[in-house]
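A short worksheet on the structure shown next.
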Amino acid sequence: IILNCQTSNAFEKNDLATLKIKKFFKNFTSLDANFIQVSPSGNVSNGKIYLDLPGKLRIDYENPKNLLITCQGFWIVIQDRDTKTTNQIPVKSSPFGVLLENKSLLNNENIKTEFSIKAGIVSLKINGQYNNKQGSLVLEFSENPFSLKKWIIQDSLGENTTVLIQNAKYNNKLSHLLFFPDNFPE
């Protein structure tokens, strides 16, 4: 009987976590936060991140890189401000694209999701069903209060980049100008 209670309790906890994740994404329209990023090699950088869903992203690195990553829907634009170079990749080829493209992550048949709850942390792993080569995105939430604390991008080689979110402000109106790439003179 004790085993059944524990199993039942685990299912209730999973159902509650699913409801909290659904509620979070139903209400999630924008994010303005500081971040600390740890690369697979252990290098640390920081900056500001802005998300305006669906489709808009700005990651503005401060230290030690001078990079700007922007997205307004179809392309992720990566700019090196020191060398004045710009590269573009399709949103669909990025694990982060899953979040940018569709707010209904848990009800999307093109996306595989799985989650776990451990020590007050709810982890949601997201994979594109039709393109496993793009890697995965793991979102980690604190359970109480329920809020996004970090994400981990795992590339197609299994390397993890961890991004810790700090001083997050949710659902504020963000200027559309934030999501334009820098205009480098020719």
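The values are calculated or read from the model by the stated rules, or taken from the named source; none is laboratory data. Quick caveat, the model's predicted, so the values are computed rather than measured. Glycine also receives a Cβ, built like all others from the backbone with ideal geometry; neighbour counts cover every protein chain displayed.
Report, by residue number, each residue of the range 125-173 that is among the polar types (S, T, N, Q), at pLDDT below 85 and surrounded by fewer than 17 Cβ atoms within 10 Å (Cβ to Cβ).
Selection gives 129, 131, 132, 144, 156.
For the range 44-59, which residues satisfy the criterion of being of a type outside the set (Phe, Trp, Tyr) and over 13 Å from residue 77 (Cα atoms)?
Within the range 44-59, 44, 45, 46, 47, 48, 49, 51, 52, 53, 54 qualify.
Just checking, how many residues over the range 111-124 are assigned to a strand (DSSP E or B), at pLDDT 85 or above and surrounded by fewer than 20 Cβ atoms within 10 Å (Cβ to Cβ)?
4
Could you list, in sequence order, the residues of the range 18-74 that are surrounded by 13 or more Cβ atoms within 10 Å (Cβ to Cβ), modelled with pLDDT under 95, more than 22 Å from residue 89 (Cβ to Cβ) and hydrophobic (A, V, I, L, M, F, W, C)?
Residues satisfying the conditions are 21, 24, 25, 28.
Suppose we keep only residues that are over 24 Å from residue 79 (Cα atoms) and of a type outside the set (D, E, K, R) within the range 169-186. Which one would you say is farthest from the chain's Cα centre (by Cα)?
The extreme case among them is 172.
State the number of residues belonging to the range 55-86 that are farther than 18 Å from residue 168 by Cα and either under 13 Å from the mean Cα position of the chain (by Cα) or assigned to a strand (DSSP E or B) (or both).
Within the range 55-86, residues that are farther than 18 Å from residue 168 by Cα and either under 13 Å from the mean Cα position of the chain (by Cα) or assigned to a strand (DSSP E or B) (or both) number 16.
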